[in-house]
Amino acid sequence: MILILLIQLVHWFFELLILLIFARFIVSWLPVDPHHQLVGLLRQVTDPLLRPFSFARTGMLDFSPLLAIILLQLADRIVVTGLVRLFH
C-alpha cells in the first residue's frame, strides 16, 4: 500500500512539472504582467527545467518546453517502471 502511494507521488511530481511548463507556455502568450508574483514563481520553478534546452530557440519559436516535456515524460516512465520492478 505504501509502495503504491510512493509510486503515485513520484508520478504526480512529474505530472506537476509538466503542468507547470505548460502553464508557463500559455502565460507567455497572454498579456499578463511579467512582474506579477505568480509569473515570477512560475519562472523560478520552470527555468531550471527549460535552461538546458535553450539551444532549441529558432527565431520567434522556442521548442524548449516541448523538449523538456518529452524528457520529463520519458523520465516519468523510466522511474515509475523502475520502482514497480524494484518493489514487485
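Below, the figures for the structure above:
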{"quantity": "Positions within the stretch 29-63 being hydroxyl-bearing (S, T, Y), within 28 Å of V10 (Cβ to Cβ) and modelled with pLDDT under 95, in sequence order", "calculated": "S54"}
{"quantity": "Selection status of L17, touching a helix residue (DSSP H, G or I) at 6+ places or on another chain (Cβ under 8 Å) and in a helix (DSSP H, G or I)", "calculated": "yes"}
{"quantity": "Set L3, L19, L71: member being closer than 30 Å to H88 by Cβ and touching a residue at least 40 places away in the same chain (Cβ under 8 Å)", "calculated": "L3"}
{"quantity": "The listed residue being in contact with a Phe, Trp or Tyr (Cβ under 6 Å, 6 or more places away or on another chain), surrounded by 12 or more Cβ atoms within 10 Å (Cβ to Cβ), at pLDDT below 95 and not in a loop (DSSP other than H, G, I, E, B), out of L72, L3, L67, L83", "calculated": "L3"}
{"quantity": "Flag for D62 being out of contact with any Cys (no Cβ under 6 Å at 6 or more places or on another chain), more than 24 Å from V79 (Cβ to Cβ), charged (D, E, K, R) and surrounded by 15 or more Cβ atoms within 10 Å (Cβ to Cβ)", "calculated": "yes"}
{"quantity": "Of residues in the stretch 33-64 being among the charged types (D, E, K, R) and assigned to a helix (DSSP H, G or I), the one nearest to the chain's Cα centre (by Cα)", "calculated": "D47"}
{"quantity": "Pairs where the first residue, in the stretch 23-38, is more than 16 Å from F63 (Cβ to Cβ) and the second is among the β-branched types (V, I, T), C-beta under 8 Å, 6+ apart", "calculated": "V27/V39; V32/V39; D33/V39"}
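The values are calculated or read from the model by the stated rules, or taken from the named source; none is laboratory data. These figures come from a predicted structure and were not determined experimentally. Ideal geometry is used to build each Cβ from the backbone, glycine not excepted, and the neighbour counts take in all protein chains shown.
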